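S.K.: Below is the structure I would like to discuss, written out as structure tokens.
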Amino acid sequence: MAKTIPMIITNNNILVCDIETGEFIPFNMSKINPVPNIPFYHEFAQRIAEGQYEFKEFMRSHYGKKLSKFIFAIIVPDDTTKLESIFINEFFVNSGACKAVAQMPMSLALSKDDEKYISISKSQRTVILEYIKNHEIIVKKCYDIKDYNASQIIADANIIHIDVEYDDVPIYINNFGMNMDDFFEAGEIISPKSFMKTIANVDVEKL
């Protein structure tokens, strides 16, 4: 039976869950030269075969040689584009380190209990404001990370959808990157520890 391994693509590396302990182990591809405002994994495209080999060896060192039984549940930044999403899936599924992959943006992993909620997060490029309903992104707005007004984004959150104007919808501040200080007043803070605890138990069927 296939086993799920949760993974988180952060702003600077990949965290892979040890399914025995629930702890996350960082994978850093060698010879990466970060470029401002561009996700680090774009560098993988320049050395795909080498990167896939490094990752497969990393997985073998933690999970042994029988990697084909695993399904990766990949959690990605909220502003991941469709093209980036395809590249991420293809990179891992063709690495020989898993049987299959499933993918979900961070915002959809913030709450298992709320029918609807608002998510605010940051990536290397943008601040992302989203309205989530029934595990689906209904409205999404992105703001340039170099030119945004936190007060305006908080105000936008309160009118992002008609549901929000007529109902008490919780706002979750995804502080996984420890960079959301200017939004703390807007809602409930999701700490890195809390987020990783949730992801460690993610259900791949819901991705």
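S.K.: If you place +1 on the Cβ of every Lys and Arg and -1 on the Cβ of every Asp and Glu, how big does the dipole about the Cα centre of the chain come out, in debye to the nearest 20?
M.R.: For the chain, the charge dipole is close to 1180 debye.
S.K.: How much length, in nm to one decimal, is gained on full extension between Phe27 and Lys56, taken as 0.36 nm per residue of separation minus their Cα-Cα distance?
M.R.: Details: separation 29, 0.36 × 29 = 10.44 nm, distance 1.07 nm.
Length difference between fully extended and current span is 9.4 nm.
S.K.: Okay, next question. Using helices alone, I'd like the mean residue ellipticity at 222 nm for the chain: each DSSP H run of four-plus residues gives -39500 (n - 2.57), total over residue count, nearest 500. Provide the component values of the computation, followed by the final result.
M.R.: Working: 5 runs with 50 residues, N = 207.
Here the helix-only value at 222 nm equals -7000 deg cm²/dmol.
S.K.: What is the percent carbon and sulfur in the accessible area of the chain, measuring with a 1.4 Å probe over the protein chains and ignoring ligands? Intermediate values should be presented prior to the final figure.
M.R.: Working: 5410 of 10830 Å².
C and S fraction of accessible area: 50 percent.
S.K.: Same structure, new question: Among the listed pairs Lys31/Lys112; Lys140/Lys193; Lys99/Lys141; Lys56/Lys140, which are separated by more than 32 Å between their Cα atoms? Numbers along the way, then the final one.
M.R.: On the way: Lys31/Lys112 38 Å; Lys140/Lys193 25 Å; Lys99/Lys141 34 Å; Lys56/Lys140 34 Å.
Exceeds cut-off: Lys31/Lys112; Lys99/Lys141; Lys56/Lys140.
S.K.: Of the peptides 78-91, 22-35, how do they stack up when ordered by the mean number of other Cβ atoms within 10 Å, highest first? Numbers along the way, then the final one.
M.R.: On the way: 78-91: 15.6, 22-35: 12.8.
Descending packing order for the listed peptides: 78-91, 22-35.
S.K.: What value does the chain have for Rg/Rh, both radii from Cα atoms and Rh as Kirkwood defines it? Each step should come with its number before you reach the end.
M.R.: Values: Rg = 17.4 Å, Rh = 17.8 Å.
Rg/Rh for the chain comes to 0.98.
S.K.: Name the GluC sites (Glu not before Pro) in the stretch 108-195 that are in a loop by DSSP and that have at most 14 other C-beta atoms within 10 Å, would you? Write out the running numbers ahead of the final one.
M.R.: Working: sites: Glu115, Glu130, Glu136, Glu165, Glu185, Glu188; in loops: Glu115.
Counting only loop positions with at most 14 other Cβ atoms within 10 Å, the GluC sites (Glu not before Pro) in the stretch 108-195 are Glu115.
S.K.: Which FRET efficiency, nearest 0.05, do Ile159 and Ala49 yield, Cβ-Cβ r, R0 41 Å? Walk me through the numbers before you get to the answer.
M.R.: On the way: r = 48 Å, r/R0 = 1.18.
Computed FRET efficiency for Ile159 and Ala49: 0.25.
S.K.: How large is ³J(HN,Hα), in whole Hz, for each residue of the stretch 97-113 in order, when computed from phi with the Karplus curve 6.51 cos²θ - 1.76 cosθ + 1.60 and θ = phi - 60°, using x for Gly and Pro?
M.R.: Coupling constants for the stretch 97-113: 9, 7, 8, 7, 10, 9, 9, 8, x, 3, 4, 6, 9, 6, 8, 9, 9 Hz.
S.K.: Protein chains only, probe 1.4 Å: how do Arg47, Arg60 rank by accessible area, largest first? If you can, show how the numbers build up before the last one.
M.R.: On the way: Arg47 55, Arg60 95 Å².
From most exposed to least exposed: Arg60, Arg47.
S.K.: May I pose another question? Put a dot 7 Å past each Cα toward the Cβ at Ala100 and Glu115; how far apart are the dots in nm?
M.R.: Distance between the two pseudo-spin positions: 3.1 nm.
The values are calculated or read from the model by the stated rules, or taken from the named source; none is laboratory data. Model, not experiment: these values are computed from the prediction. Every residue, glycine among them, receives a Cβ derived from its backbone with ideal geometry; neighbour counts consider all protein chains shown. Please note that ligands, DNA and RNA were not included when accessible areas were found on the heavy atoms of the full protein model with its side chains. Shrake-Rupley method; radii C 1.70, N 1.55, O 1.52, S 1.80 Å.
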